[in-house]
């Protein structure tokens, strides 16, 4: 367990807010976003559903003053993997988004990568806690 620095908690909270907005949009507006971005509706809806659970976890972690370091590392690693996976999705040819879709995927990949870096920096600023 670690004492979560205020920097880490703010980075987690920002991630939860961003992810929560994306979760709501993709879950309940998948059809509209699919048409706007020329991305598969099922991909957007399932991404939104995943993000609901992710938002709950990250929001909960942001609310804690003491957190399990492995959970923070899981979030950081997950965000880094999401960034790489998003770019790989575009390069794979598995989807054929229009320009707006490409820009959206790249923008959220960059934002997610920034969250990973901020959370890692926050983790480094956090103090270890001795357990009894």
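The values are calculated or read from the model by the stated rules, or taken from the named source; none is laboratory data. What you see is a predicted model; the values in this text were computed from it and never measured. So basically every Cβ, Gly included, is an ideal-geometry build from the backbone, and we count neighbours across all protein chains shown.
Within the stretch 23-30, can one find any residue that is more than 27 Å from residue 93 (Cβ to Cβ) and surrounded by 14 or more Cβ atoms within 10 Å (Cβ to Cβ)? Yes, the stretch 23-30 has at least one match.
Quick one: which helices (runs of 4 or more DSSP H) sit completely within the stretch 1-84 and have at least 1 residues that are closer than 24 Å to residue 124 by Cβ? Spell out how you get there, then give the answer.
Details: elements: 6-28, 30-37, 41-62.
Of the helices (runs of 4 or more DSSP H) lying wholly inside the stretch 1-84, those with at least 1 residues that are closer than 24 Å to residue 124 by Cβ span 6-28, 41-62.
Taking the condition of being exposed (fewer than 15 other Cβ atoms within 10 Å of the Cβ) and either within 9 Å of residue 101 (Cβ to Cβ) or in contact (Cβ under 8 Å) with a residue 24 or more places away in the chain (or both), how many residues in the stretch 39-49 meet it? Adding up the residues that qualify gives 1. Scoring residue 126 on the criteria (1) modelled with pLDDT under 95; (2) exposed (fewer than 15 other Cβ atoms within 10 Å of the Cβ) leaves a single failure, condition (2).
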